[in-house]
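Engineer: Supplied in structure tokens, the structure appears directly below.
The values are calculated or read from the model by the stated rules, or taken from the named source; none is laboratory data. For clarity, every value in this text was computed on a predicted model and none was experimentally measured. Because the Cβ atoms are built from the backbone with ideal geometry, glycine has one as well, and the counts that use them run over all protein chains shown. For accessibility, only protein heavy atoms count, side chains too; no ligands or nucleic acids. Shrake-Rupley method; radii C 1.70, N 1.55, O 1.52, S 1.80 Å.
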Amino acid sequence: MTVPSVTFGMIAKAIDWTQTDFGRVPENTETSLVLPLCLQYLTPTWVAFFGLGAISAAVMSSTDSSMLSASTMLARNVYKTVFRPSASEKEVLYALWVLIVMNCACATALAIHYKSIYDLL
């Protein structure tokens, strides 16, 4: 699983970036941009389009799964177990919808406020 990452890193290190449309050598602080830069400037447009689309889809899928799982755990383990043990499945489903909205609102507020995940520490 590390072969593609290592390959992109080796290509980015070996390429003469001044000969590309990027026009300058990426700095050491721009390591998170290696894959997007390689896709954008070293591949045909259609490869870059599908490559960046696949990366975006993977990130959105992971985010969606984490939001749904956190909200489900809160609905089942906190709402139903602690607050309303006699809650019906329909009521738990409504609680789940509310918790998803609250969870996403909190995540959005954190994403807007903090520029990096490391700022949360």
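Engineer: Could you list the residues of segment 84-121 with an amide nitrogen less than 11 Å from a label point located 7 Å from the Cα of Thr72 in the Cα-to-C-beta direction?
Structural biologist: none
Engineer: Once you treat every alpha carbon in the chain as an equal point and sum by Debye, what is log10 I(q)/I(0) at q = 0.11, 0.12, 0.22 Å⁻¹?
Structural biologist: Evaluating at q = 0.11, 0.12, 0.22 Å⁻¹ gives log10 I(q)/I(0) of -0.61, -0.67, -1.22.
Engineer: When the helices in the chain are scored as -39500 (n - 2.57) per DSSP H run of 4 or longer and the sum is shared across all residues, what 222 nm value do you end up with, to the nearest 500 deg cm²/dmol?
Structural biologist: Computed ellipticity for the chain at 222 nm equals -21000 deg cm²/dmol.
Engineer: Would you kindly state how much longer the chain becomes between Leu52 and Asp21 on full extension, computed as 0.36 nm times their sequence separation minus their alpha carbon distance, in nm to one decimal?
Structural biologist: 9.4 nm
Engineer: I would also like to ask the following. Keeping all protein chains in position, work out how much accessible area Asp16 exposes to a 1.4 Å probe, and write it in Å² to the nearest 10.
Structural biologist: 80
Engineer: Measuring with a 1.4 Å probe in the full set of protein chains, what accessible area per residue, in whole Å², belongs to segment 13-99?
Structural biologist: 72
Engineer: With every protein chain left in place, what is the accessible area of Trp17 in Å² (1.4 Å probe, nearest 10)?
Structural biologist: We get 10 Å² for Trp17.
Engineer: Dipole of the chain, Cα-centred, from +1 at each Lys and Arg C-beta and -1 at each Asp and Glu C-beta, to the nearest 20 debye?
Structural biologist: So the magnitude is around 440 debye.
Engineer: Pull out a ≥ b ≥ c, the square roots of the eigenvalues of the alpha-carbon gyration tensor of segment 49-105, then state rounded if a/c is under 1.5, prolate if not and a/b is larger than b/c, and oblate in the remaining case.
Structural biologist: Because a/c hits 1.5 or more and a/b exceeds b/c, segment 49-105 counts as prolate.
Engineer: Ignoring any ligand, DNA or RNA, what whole percent of the accessible area of the chain comes from carbon and sulfur when the probe is 1.4 angstrom?
Structural biologist: 69
Engineer: Okay, next question. Assuming R0 = 25 Å, what is the FRET efficiency of Ser65 and Val101, from their Cβ-Cβ distance, to the nearest 0.05?
Structural biologist: My answer for the efficiency is 0.90.
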